[in-house]
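The values are calculated or read from the model by the stated rules, or taken from the named source; none is laboratory data. Every value quoted in this text rests on a predicted model; they were computed, and no experiment measured them. Positions of Cβ are generated from backbone atoms using ideal geometry, with glycine treated the same way; all protein chains shown enter the neighbour counts. The accessibility values were calculated without ligands, DNA or RNA, using every heavy atom of the protein model including side chains. Shrake-Rupley method; radii C 1.70, N 1.55, O 1.52, S 1.80 Å.
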Amino acid sequence: QVQLVESGGGLVQPGGSLRLSCAASGSIFSPYAMGWYRQAPGKQREYVASITSGGIIDYANSVKGRFTISRDSAKITVYLQMDSLKREDTAVYYCWVSYGGKHYWGQGTQVTVTS
């Protein structure tokens, strides 16, 4: 069974930065993909970014150039460095991993961008 534990959310002013982390536990072997979705109040969950075990990276257009996804393969951990944050980035951020034909989700971490 795969479990994901997220950390790093919080309150930040516009233009500020936050770094999210997501550590996976359980038996995960390549190939797999990890990444982030987010859900703002009253909106559907939307894709943010992903990285594969082979290092292929992808971003949503809304965060490209501001967010950076990275991973620690040995720890099966994915990070999301969020810079130049905007109010519209306010959401619950969910980590996910796709492995063995299944998707697993973290519990979510709140990111609030406000002055």
- Look through segment 55-109, keep the residues that are within 18 Å of Pro14 (Cβ to Cβ) and among the aromatic types (Phe, Trp, Tyr), and return whichever of them is surrounded by the most Cβ atoms within 10 Å (Cβ to Cβ). Tyr93
- Query: If you scan segment 86-115, which residues turn out to be β-branched (Val, Ile, Thr), closer than 13 Å to Leu20 by Cα and not in a strand (DSSP E or B)?
  - Reply: none
- Note on the structure: Residues in segment 64-91 that are under 16 Å from Val5 (Cβ atoms) and in contact (Cβ under 8 Å) with a residue 60 or more places away in the chain total 2
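Quick grid of which residues meet (1) under 16 Å from Lys64 (Cβ atoms); (2) hydrophobic (A, V, I, L, M, F, W, C); (3) open to solvent by 30 Å² or more (accessible area, probe 1.4 Å); (4) not in a loop (DSSP other than H, G, I, E, B):
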position	(1), (2), (3), (4)
Met34	no, yes, no, yes
Tyr37	yes, no, yes, yes
Gln44	no, no, yes, no
Val48	yes, yes, no, yes
Ile51	yes, yes, no, yes
